[in-house]
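Nothing in this text is a laboratory measurement; each read-out follows from the coordinates by a stated rule. All values reported here derive from a predicted model rather than from experimental measurement. As a convention, Cβ positions derive from the backbone with ideal geometry for all residues, glycine included, and neighbour counts pool all protein chains shown.
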Amino acid sequence: MAKQIEPVKIAVVGGSGISEISGFDNVTEVNIETPFGKPSAAITVGTIDNVRVAFLPRHGKGHTILPSEINNRANIYALKSLGVEQIISLTAVGSLQQNIKPKDFVIPEQVFDKTKNRVNTFFGNGIVAHVGFADPFCNELRDIIHKCVTELAIEHHFSDTTYLCIEGPQFSTRAESKIHQKNGFSVVGMTIVPEAKLAREAEICYANIALVTDYDVQKHGEEVAVEKVMEVMDAISTACKKLIKILIPRIAVREGKCQCRHALENAVQTSKEEVTKAPAYKDLSLLLKKYYE
């Protein structure tokens, strides 16, 4: 568990090319042990315009963790233990549509899960829960992000956008990419699942900003490669920093009338008397105690 510090209600989770965020003041690092193991890295806590923010690089410092190796349960649990109520997720993605260009920002509305080997729930071991996930992202957060990117004149895509999450670590084949395009998916990445699902189970508002680095393998001679991803991420890092700087103070003052923070209210099917007796309850009391204690 986290050492006792003042609660931090907002977190930024960074992906490829985003191992830190600038503009932090009063910085400290917090090492957290969870019932699910260690998170990807120590969590950096600081302030942006006097708003306390936590930052976690999902691939670890130095990018040492494959997408399939990320301990998402530990990451989300650690942030929850700090008091986090809202998560802004940053991910590098490939475009699956010609109108979505490298350096564009996408604010996904939906997600399609094609992962295979990942633990995607906190529950089990005596407690059964089924949270609603029809709208996988907090639409209140999405609306604020949309206003901020519009204000900064960042090329972006908001409505009818779907993030396809694949297992990786390999990029798609041409055949796979053609099917993904025909299915109407907007972008492809490897990390948003199960992060978004676990955030919903933890009753944390969650939204993603997908940073487009390439056209996947749509164009011969321009296929996605690591060096291309990092080159584009470097080019859009300034815009990303500007966005975070104006976004954090705005989400800090929103009222939060969404249903994200009540996702577990009617989700647990296990009888009340069995929940508190279940082997899993000790580890999950952080998520469940407001309903059972």
Practice task
Report the residue, chosen from 215, 281, 77, that carries the largest GNM mean-square fluctuation when the chain is represented by alpha-carbon nodes joined by springs under 10 Å.
Solution key: 281
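Order the peptides 80-92, 261-273 from the highest to the lowest mean number of other Cβ atoms within 10 Å of their residues.
Values: 80-92: 22.9, 261-273: 14.2.
Answer by packing, highest mean first, reads 80-92, 261-273.
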Exercise for the section: Using only Cα atoms, locate the centre of the stretch 165-187 and the centre of the stretch 194-263, then give the distance between them in Å, rounded to an integer. Expected result: 19 Å
Fill in the blank from the handout: By Cβ neighbour count within 10 Å, fewest first, 232, 188 rank 232, 188
Problem - Point-charge dipole on Cβ atoms (K/R +1, D/E -1) for the chain, about Cα centre, debye to 20 - result: 320 debye
Exercise for the section: Please list the non-local residues whose amide H lies under 5 Å from the amide H of residue 161, H modeled 1.01 Å from N, same-chain partners needing a gap of 5 or more. Expected result: 109, 110
Fill in the blank from the handout: Here the stretch 225-239 yields Karplus 3J(HN,Hα) values (6.51, -1.76, 1.60; θ = phi - 60°; whole Hz; Gly and Pro given as x) of 8, 4, 4, 5, 4, 5, 4, 5, 4, 4, 5, 9, 4, 5, 4
Fill in the blank from the handout: Listed by chain and number, the residues whose amide H is under 5 Å from that of residue 124, excluding neighbours fewer than 5 places away on the same chain and using placed H, are 129
Completion exercise
Exposure-ranked with fewest Cβ neighbours within 10 Å first, 190, 230 stand as 230, 190
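Structure shown: which of 178/242; 116/290; 114/182 lie over 26 Å apart, alpha-carbon to alpha-carbon? Working shown, then result.
Values: 178/242 34 Å; 116/290 33 Å; 114/182 16 Å.
Checking Cα-Cα distances, 178/242; 116/290 exceed 26 Å.
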Practice task
Identify which of 210, 239, 199 has the largest mean-square fluctuation in a Gaussian network model of the chain, with springs joining Cα atoms closer than 10 Å.
Solution key: 239
Practice task
Report the residue, chosen from 116, 241, 38, that carries the largest GNM mean-square fluctuation when the chain is represented by alpha-carbon nodes joined by springs under 10 Å.
Solution key: 116
Fill in the blank from the handout: In order over the stretch 148-154: 3J(HN,Hα) from phi, Karplus 6.51/-1.76/1.60, θ = phi - 60°, whole Hz, x for each Gly or Pro, gives 5, 5, 5, 4, 8, 6, 8
